[in-house]
Structure formats: structure tokens, C-alpha cells
1. Out of segment 89-114, which residues are surrounded by fewer than 17 Cβ atoms within 10 Å (Cβ to Cβ) and either without any contact (Cβ under 8 Å) to a residue 40 or more places away in the chain or under 21 Å from the mean Cα position of the chain (by Cα) (or both)?
2. Residue by residue through segment 124-153, note down the ones that are touching a residue at least 60 places away in the same chain (Cβ under 8 Å), farther than 26 Å from residue 24 by Cβ and out of contact with any strand residue (DSSP E or B) (no Cβ under 7 Å at 6 or more places or on another chain).
3. Answer yes if at least one residue in segment 232-241 is surrounded by fewer than 23 Cβ atoms within 10 Å (Cβ to Cβ) and without any contact (Cβ under 8 Å) to a residue 24 or more places away in the chain, and no otherwise.
4. Assess whether residue 60 counts as being assigned by TED's automatic domain parsing to the domain that holds residue 9, buried (at least 21 other Cβ atoms within 10 Å of the Cβ) and modelled with pLDDT under 95.
5. From (1) assigned to a helix (DSSP H, G or I); (2) in contact with a helix residue (DSSP H, G or I) (Cβ under 6 Å, 6 or more places away or on another chain); (3) over 18 Å from residue 121 (Cβ atoms), pick out the condition that doesn't hold for residue 269.
6. Quick one: count up the residues across segment 160-187 that are touching a residue at least 60 places away in the same chain (Cβ under 8 Å), closer than 21 Å to residue 313 by Cα and in contact with a helix residue (DSSP H, G or I) (Cβ under 7 Å, 6 or more places away or on another chain).
7. Looking at segment 186-196, is at least one residue modelled with pLDDT under 95, in contact with a strand residue (DSSP E or B) (Cβ under 6 Å, 6 or more places away or on another chain), surrounded by 24 or more Cβ atoms within 10 Å (Cβ to Cβ) and more than 24 Å from residue 91 (Cβ to Cβ)?
């Protein structure tokens, strides 16, 4: 493969200030912004959408692989991937679920992301993030993880023939299915602390010199712009499936790091500017666990940024994220879209997971949290009868069932 930068990529900007961030001709990997206090804020990619809109000489979608994520190539920052790299990424299954629709008196749809090669939606972000990083000169990656992101980073590093991704996990993950999967895809796994925040601090301490020299690139959530662009394809797929005039009234998204929440909204905004999304896009709804709900707390307190909390542990690993480096944009998305944020009790998440199993829905605990949120919001009246609602099931049931039983709240 000869990876190259999308010629329609216009500039990079700080997500907090809007200032243009130097990209040095994309000869070096792009990290957090230099304009905000260290460590900086996440950077976003902006495209020449006017040129895309006016370019009728060729298909505006740009060069494509036969299948998968890069059918949205015009709105992705890196081109030149081949089928072997990502043709099996970005092929969601949408289902209108009649039984749940009757139960909740909603026009209820599921977006099932468990069919990706590593088993979760993390493949979208890591496929693009790693390809974009390599196009900018990266040759070795590292990240902290609660599980799925680490597996995806190892998988896509292996597909490009890179050295094994260095993955830091919480101590309790030693010997877990995540640990074994990362090693299966060539990763080097290290352990520290009780959660992803502690593992990330240890990683940046241990690897300070390599990160400073650029021999390692930190591909953590929002630490570079490619992962957001990959997750954005969820919004592009939602628009493609439902059509621009029949989008859901609300999208319920299980929110840990929040890349997909911000990415889906970014996709809708870009499609709107391309005149391909008339009307109002869906209300975005973030769901977290009551045991770790920094976004929910900040939203309902009317804050402009998310303040870190102390996690008490949750059965939904992907929701156990006590801080949010992109919290300012997550809160912005919820408010701009007319959405809300809801915290589900652990018992509600487990009950929803079991209900999904009884209905034959292959969803993770994180996906089950969206069903728990829909039930609560329907009871509270935020969701009205007949509304079209999309629940995002971010992974399959397999990792959740790899445990003998759900852990008690706070047990790690």
C-alpha cells in the first residue's frame, strides 16, 4: 500500500479554540494541540467541503476499496488502503426490532457493530487512526485500554506489518480475553492500576522518552485526529441506511471516551454542509453507568467541560472512563442536538443484557446500557410514543460472556 493524505483535507484545528494547528506537511504524526495548556486539547480534521460539493468530475466519494470503511474516502484523511487492510471494517447491520418496539412504544432500531474483525466498533477508529499515523510517518503505536481499543490497535498494527502495539491495561485485566486477544495480534501488553486513567498515566511515564522522540505514537482516544475520523463513519453509515429525510429522532450512544458521540455529530454536520442532509439531525443521547458518569454529571450541572470523577467500577468496561479529554465537545454535541445524558444503574444494565439475550440480540454490556437508557427515558417522557430511536450496540456479547458472571459493582 502507498498511503497518502486526502487532497481534500484542508486543515487541522484545535477542538477547544478553533485555532489552526500546524501539520508540517503531514511529515510527522499529529498529536494534541500546542495552543492549549499541556497536554493540549484534541485536534479535528476539516475538509474542503465546498470543493467536494462542487467537484462533479468524479464521484465525490473519492477512491474506494470494494467494500467497507473507505467507501467514505472523500471524508477520511488518508487514502491508499487496500481491501486486505479494511474491507471488513464499517459494515454495520441495522435492524428494526419489533418486540422491543412494542414494549417501549417506539419505532426502535438497532445498529449492531459486533461484526467487525476484532468484534467491536473500535475497529473504525483504529483502522483510520493507524493508517493516518503511518501516512504521517508513525511506525510504532501505544495506548492504554479497557480492552476493545487495545485489541483493534494490535490488529491494525499487524495488518500494516508494524511492530506490535504496546498496550497498557488495568491490573485486573491480566489473563483476560482482552489480554489474550492483544497478544494474539502481536501486541505487547503491560499492566498497571485500577482503570484506564491509571494505566495511561503509567504508560506516559514509562515511555516518556520514546514518545518525546517520536519513535512511539500515543494513539489514545482523541490524542490524534484519525480515530475521530474513523468513528465518524458511524454517522455516515446511519445517514446512508436511513436516508437523509428519514433519520432517527434520537440516537442513544454508550459513552466512555465519547469518540463516536462526537464523530457521529461531525458526520451529520459535514453532510449538512455538503447539502446531503436536509432537515434536523437526530438528538444525541449519551448513556453512562451510575458508577462512572462524568459526562452525565457535567451535562446536568450545566458545565462547559467534563470534570473527572472517581469510578466505582462498572460491568460495562467501555463505560469505565472517569475523565474525558474531549468533554467540551461531548457536552456541545448533546446541547447542539437537543439531546441529553442519562446514567443507568448497574442492575438496569445487567437486566437489559439478559433481555437482549432472551431476544437473541448479540450485544455487549455497553450496548445493553442503551436499552436501559431507552427504558428510563421512555418512562420519564423524554422519548415520546412513536419516536424513531436508534440504539448503538458497539460490540457483540462474546467478551461479556467470557466472564463467569457479572462482577459486583466496584469489584475489580
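1. 91, 93, 94, 95, 96, 98, 101, 102, 103
2. Answer for segment 124-153, where residues must be touching a residue at least 60 places away in the same chain (Cβ under 8 Å), farther than 26 Å from residue 24 by Cβ and out of contact with any strand residue (DSSP E or B) (no Cβ under 7 Å at 6 or more places or on another chain): 124, 146, 147.
3. yes
4. no
5. (2)
6. The qualifying residues number 3.
7. Yes, segment 186-196 contains at least one residue that is modelled with pLDDT under 95, in contact with a strand residue (DSSP E or B) (Cβ under 6 Å, 6 or more places away or on another chain), surrounded by 24 or more Cβ atoms within 10 Å (Cβ to Cβ) and more than 24 Å from residue 91 (Cβ to Cβ).
The values are calculated or read from the model by the stated rules, or taken from the named source; none is laboratory data. None of the values given here were measured: they were computed from a predicted structure. Virtual Cβ from ideal backbone geometry, glycine too; neighbours counted across all protein chains shown.
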